[in-house]
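Notes follow the structure.
The values are calculated or read from the model by the stated rules, or taken from the named source; none is laboratory data. Values in this document were obtained by computation on a predicted structure and should not be read as measured data. Backbone-built Cβ (ideal geometry, glycine too); neighbour counts: all protein chains shown. Each accessible area value is taken on the protein alone, full model and side chains, heavy atoms only, with ligands, DNA and RNA left out. Shrake-Rupley method; radii C 1.70, N 1.55, O 1.52, S 1.80 Å.
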Amino acid sequence: MDRLEKLLSQMSVHDKIGQLTQYNAMLFTETSAEITGPQQKLGLTDEDLAAVGSVLNFSSVQEVKDIQTAHLQNDPNQIPIVFMMDVIHGYRTVYPIPLALGCSFDPQIAEECSRVAAREASADGVHVTFTPMVDYVRDARWGRVMETCGEEPRLTSALAAAQIRGFHGDGMEKPGNLATCVKHYAGYGGAEAGRDYNLVEVSERELREYYLPAYKACLDAGAPMVMPSFNSLNGVPSIANSMLMQDILRKEWGFDGVVISDYNAIGELLPHGVAADQKEAAKLAFENTCDIEMCSSGYFHHLESLINEGVFTMEQLDAAVMRVLKFKDQLGLFDDPYHGADEKLASSLFLCDAHREVVKKAAAESAVLLKNEGLLPLSEKLSKVAVIGPFADEHGINGFWSAHGKNEETTTVFEGIRNILGADKVVTAKGCGNLWDDKDCSGFAEAVEMAKAADAVVLCLGEPQNYSGEGNCRTDLRLPGLQEALAKQVIAANPNTAVVLFNGRPLDVSLLDKIAPAILTMWFPGTEGGSAAAELLFGKCNPCGKLSMSFPHNVGQCPIYYNHPNTGRPRWRSQPDHRGYASDYIDCATLPLYSFGHGLSYSNFVYSDLTLSSKTLTSDGSIRVSVKVRNDSSVPGKEVVQLYMRDLVGSVVRPVQQLIAFEKLSFEAGEEKTVTFTVTEEMLRFWNMKGEHISEKGDFTLMIGHADHFVLSDAFQLV
Ligand code: NOJ
């Protein structure tokens with residue numbers, strides 16, 4: 001009998017159920033002589049708390065150590081607690097939100113960022129992070145688009161796998177590394193009307209084509225945990241959805257790791273109306289193989305009676321507990337329950353130069369230059385630059401999931417520009433606030449005067465950090481408050497105005513697109529965001545980010561995404577003025593304002609000479625597709641070369657465009673490179689009406705380039 005089996009055989013049913021629960025640290029640190037507060041609400045006894053197997057949301061390394069020590073002093077089984085936390089885009093040193101990282105198209109950067117977070121969080125007592133979040137998204141109204149890598153499953157998968165590599169490092173059992181938990185399985189990003197927690201209705205074919213690949217990619221990359229999503233999928237909440245949990249996750253994909261519910265998701269089966277009471281909720285979750293219940297108490301209250309009543313067997317309970325024990329063993333907790341948690345180490349890592357350097361590079365490579373009519377880069381010789389707007393000197397640009405980062409430790413754009421030009425050449429004014437209800441234009445006059453007196457203006461606009469993230473959805477994607485009015489006046493006062501955006505989602509910037517000569521989105525860039533913005537604006541860095549999610553002209557276009565299937569009445573790019581009975585709007589363009597893959601540079605990349613090694617592809621063969629890419633400028637830069645395919649005829653309607661590969665390359669001024677991709681049959685597969693993942697013989701075309709400049713191939717044939 002191995003160590004874990006022996007341990008399991010010694011445990012009481014109550015001990016076992018304890019391993020299947022997770023609660024907030026707060027419950028363990030409140031004095032429980034009298035049971036009050038959340039503990040009382042959950043109906044948990046002190047005996048229950050003593051048996052709890054995992055804890056989330058603690059505030060310090062000391063708290064972790066205290067909880068672990070107290071637990072081990074009393075636990076007859078000596079099973080350490082596993083500590084989990086949302087470490088989403090950094091810990092104390094914050095890096096760009098995942099939607100921004102998506103724009104880097106750079107798995108290496110995503111991996112380096114995750115290493116930074118893993119080192120800091122691990123030293124601070126974290127064992128597991130609830131990331132990567134790989135929900136497929138199309139609707140910018142949904143606040144949680146900021147947590148995803150965007151609207152492209154292949155890109156999301158590549159970046160998520162890189163994050164997992166970064167967090168796991170040289171082994172999740174070693175201090176300095178974290179285990180990961182892929183979430184939110186499945187379809188959460190399809191929330192109807194972009195409203196968080198709302199129902200999701202997608203066909204199984206659509207689910208498999210767009211939504212599921214990234215979760216699967218995370219499991220293939222070794223993610224040991226899965227968190228089902230809050231939403232109902234085609235009528236049944238994920239945690240109780242047997243098709244998702246049993247048929248696909250456990251049977252088809254063979255996942256034998258730990259499933260943890262989302263926060264109170266088992267409890268929420270009651271308001272969902274699929275469970276009459278807590279007991280039924282616990283039954284539904286457990287029968288669908290949810291191992292750990294987070295922050296509700298159905299398992300503690302009902303699992304034992306469900307076993308006694310014969311609804312579940314002891315073998316089923318043991319299997320779930322064994323998955324948790326194996327995970328703890330995999331984390332090395334039986335040998336080192338503190339997993340290297342060390343206050344001194346943590347503070348030496350927090351905001352250290354090496355970590356700052358990584359997050360600054362990430363912020364620079366995630367920024368996207370949306371528009372530039374030759375204003376950028378600004379010259380360092382300018383004698384007066386006005387940095388205006390509610391985000392000009394705003395430290396709150398870390399983004400929603402940065403509870404451990406401190407706003408005051410983050411550089412602002414104003415500070416960044418001062419560092420480059422010197423304090424005497426840079427002035428700043430807010431002009432207005434950035435909230436919906438801000439109707440105070442008393443700062444406009446100062447801003448306009450400042451703009452007039454400056455050689456150039458950097459106008460920093462956006463939405464506050466808490467306008468995106470969990471529960472923060474919008475029905476209007478324009479800049480909140482008086483920011484558009486401010487932009488009109490400032491740009492009229494000084495046409496040399498570059499707009500810098502801070503945003504957790506694609507915004508409706510149609511007005512800015514009309515009036516501003518340059519727009520750079522920094523998203524929420526993290527600790528070094530202000531310095532990275534300044535370096536981009538003054539050409540110390542060359543923008544190279546490409547959009548991971550399309551910017552609509554306005555909210556009425558949502559959901560909008562580049563890889564949409566065609567209609568029988570398409571609006572072709574070549575007939576923009578054609579009217580009538582086409583799939584379009586009478587008051588707005590059909591295509592987005594800035595599409596997925598768009599992003600300008602100070603270099604000028606020219607694509608030519610696309611060649612195919614063959615006009616036919618066999619199912620076991622490959623075709624090489626090459627293109628010449630030339631940096632037709634005097635500025636060194638990076639380009640994301642994107643390969644798209646189109647399946648011209650299929651048994652189901654195929655997307656007009658689908659990314660199948662990409663490569664980010666550096667170019668010296670004037671340098672030309674030949675870039676070659678290999679196309680195989682596997683890249684042409686899709687889910688047909690019979691639920692098979694297949695390719696079909698016929699003609700395909702390829703496109704290389706990006707949203708603004710594509711070269712097209714002749715058709716090739718899959719035989
Ligand atoms: C709810 C969120 O949906 C999830 O992403 C997060 O990991 C948990 N809360 C834990 O904080």
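Numbers at a glance
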item	result
Hits in region 699-719 (condition: out of contact with any strand residue (DSSP E or B) (no Cβ under 6 Å at 6 or more places or on another chain) and surrounded by 15 or more Cβ atoms within 10 Å (Cβ to Cβ))	A707
Residue list for region 110-148, filter: under 24 Å from K216 (Cβ atoms), within 16 Å of the ligand (Cβ to nearest atom) and surrounded by fewer than 24 Cβ atoms within 10 Å (Cβ to Cβ)	F130
Filter result for L593 (open to solvent by less than 50 Å² (accessible area, probe 1.4 Å), modelled with pLDDT of 95 or more and more than 24 Å from L369 (Cβ to Cβ))	no
Filter pass, R474 being over 19 Å from L520 (Cβ atoms), in contact with a helix residue (DSSP H, G or I) (Cβ under 7 Å, 6 or more places away or on another chain) and away from the ligand (no atom under 16 Å from the Cβ)	yes
Top-ranked residue of region 313-372 - restricted to ones that are in a loop (DSSP other than H, G, I, E, B) and charged (D, E, K, R), ranked as most open to solvent (accessible area, probe 1.4 Å)	D335
Count - residues of region 257-273 that are within 11 Å of the ligand (Cβ to nearest atom) and under 10 Å from E293 (Cβ atoms)	4
Tally of residues being of a type in the set (A, V, I, L, M, F, W, C) and crowded, with 24+ Cβ neighbours inside 10 Å across region 538-559	4
Single condition E151 does not satisfy, out of (1) more than 16 Å from the ligand (Cβ to nearest atom); (2) assigned to a loop (DSSP other than H, G, I, E, B); (3) farther than 30 Å from R195 by Cβ	(3)
Test set (1) open to solvent by less than 50 Å² (accessible area, probe 1.4 Å); (2) more than 23 Å from L7 (Cα to Cα); (3) out of contact with any helix residue (DSSP H, G or I) (no Cβ under 6 Å at 6 or more places or on another chain) - Q39 fails condition number	(3)
Filtered residues of region 421-455 (kept if over 25 Å from G526 (Cβ atoms) and in a helix (DSSP H, G or I))	D424, K425, F444, A445, E446, A447, V448, E449, M450, A451, K452, A453
Unique match (being of a type outside the set (K, R) and either surrounded by fewer than 24 Cβ atoms within 10 Å (Cβ to Cβ) or more than 15 Å from the ligand (Cβ to nearest atom) (or both)) among I81, I97	I81
Among (1) in a strand (DSSP E or B); (2) among the hydrophobic types (A, V, I, L, M, F, W, C); (3) closer than 30 Å to E535 by Cβ - the single one F596 does not satisfy	(1)
Conditions (1) modelled with pLDDT of 95 or more; (2) open to solvent by 40 Å² or more (accessible area, probe 1.4 Å); (3) part of a loop (DSSP other than H, G, I, E, B): number failed by R418	(3)
Residues satisfying the stated conditions in region 241-274, i.e. open to solvent by 10 Å² or more (accessible area, probe 1.4 Å), aliphatic (A, V, I, L, M) and more than 18 Å from L219 (Cβ to Cβ)	L270, V274
Qualifying positions in region 156-186 - buried (at least 24 other Cβ atoms within 10 Å of the Cβ), within 14 Å of the chain's Cα centre (by Cα) and not in a strand (DSSP E or B)	T156, L159, A160, Q163, I164
